[in-house]
1. Taking the Cα atoms of the range 196-296 alone, what are Rg (to one decimal) and Dmax (as a whole number) in Å?
2. Once both labels are modelled 7 Å past Cα along the beta-carbon direction, what's the Gln95-Val216 spacing in nm?
3. Debye sum, Cα scatterers, the range 12-135, no solvent: what log₁₀ I/I(0) at q = 0.22 1/Å?
4. Provide the net charge surrounding Ile195, with neighbours chosen by a C-beta distance below 12 Å and charges set as Lys +1, Arg +1, Asp -1, Glu -1.
5. Using 7 Å Cα-to-Cβ label points, what is the Asp44/Ala177 separation (nm, one decimal)?
6. Tally Lys and Arg at +1 and Asp and Glu at -1 over the other residues with C-beta under 11 Å from the C-beta of Tyr55: what net charge comes out?
7. Grab the Cα-Cα distance for Asp35 and Arg323, subtract it from 0.36 nm times how many residues apart they are, and report the gain in nm with one decimal.
Amino acid sequence: MSEMPTVNEVPDSLRESLPLSVERLAEMTSQEVDDLPYGFVMLDEDGVVLLYNRYEQRMSRLPSERVVGRNFFQEIAPCTRVEAFLGRFRALAQQPPGATDQFSFRFHFLHGAQDVFVQFARAPVNRVFMTVHRMPIESDVHERPPTIRHERDRGRLNGPLGAMIPLAWDQVAALLARVGQSAARELGRSVGRKIAGVAEHTVVEAGASALDKAPVLLAVGALDQALAELGMGRLAADFCAHPPRVACFVRPPVESGSVELSCFYEGLLETTISAALNAAHVARCIEGTELAALPWRFVVVPIERASELRALGGERPDDLAKRFGLLESSLGAGGALSRGTNADS
């Protein structure tokens, strides 16, 4: 997620649907709050979510039970931990009841970018009301050119050092089959290093100092965004600290049963996840030769645990998924990355 330029006035498109007054919101029942035509979140002065209305659940694709009682800035939307969002919240929380602040912000979800207009209102009893209005995405003529670009007419990816993959994606699997698994993995590592550079630029624009210093959700979102913009598929990842490992789901841009293509993505994940965590990691696709179902599941572990991945031969993919906790229910917004679905991501 990255912030848009802040504004001091309400956008014209929202003037007819301004949030209600603090006093009126404070008097509303939970049913009335659920019926509001915009997102409404009630926070305590530390940022813990106390109320999360139905509109916001639907738009963010997070059910209330996964949000209420958790810290909005630390657990729900850690990419908002920037001065333009969290800083404004902290400042307002110190103001007397009735004080307000408003600004625009851009969220980057797996299901796409979303511009919002946010209003904070200081409520009685150490509460802050946050209303969230969705706005149409508007193109920015000053947007940076991509570090890596996809030349569709010539069917290749170009990067800072020239052509990275001089073939259309539907030809890549055939090429990789000719060069073998080891070379495919090394090519993936090379491309992954450039993808990490694109993602780092994105998180710095969002207020983080570097990719490995960014909140995990922001880092993964930036990597997924880079892949999507380049036509290289989609990525979802779930980080676990005990024991350390990253469960990744990747939907490649072509349907292929190529083991070499899965090796390419192993290399790509090794360098991108290593960059995001500032530590060397190794990746393994657990699908084996069962690569017809999408997305593909990968386990990424610190390099000192590489022996665990080398000992996986012979086990069924679903058994490996259970062992490493590759749970599908929390990965991929709106089911876009669920196995066997062709839903748009």
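Every number in this text was worked out from the coordinates using simple rules, so none of it is lab data. Note that the structure is predicted; figures quoted are calculated from it, not measured. All Cβ positions, even for glycine, are placed from backbone atoms using ideal geometry, and neighbour counts span all protein chains on display.
1. Using the Cα atoms of the range 196-296, the pair Rg, Dmax is 13.5, 42 Å.
2. 3.4
3. -1.59
4. Computed value for this residue: -1.
5. Each label point is offset 7 Å from its Cα along the Cβ direction, giving 6.0 nm.
6. Overall, the nearby charge balance is 0.
7. Between Asp35 and Arg323, full extension yields an extra 99.4 nm.
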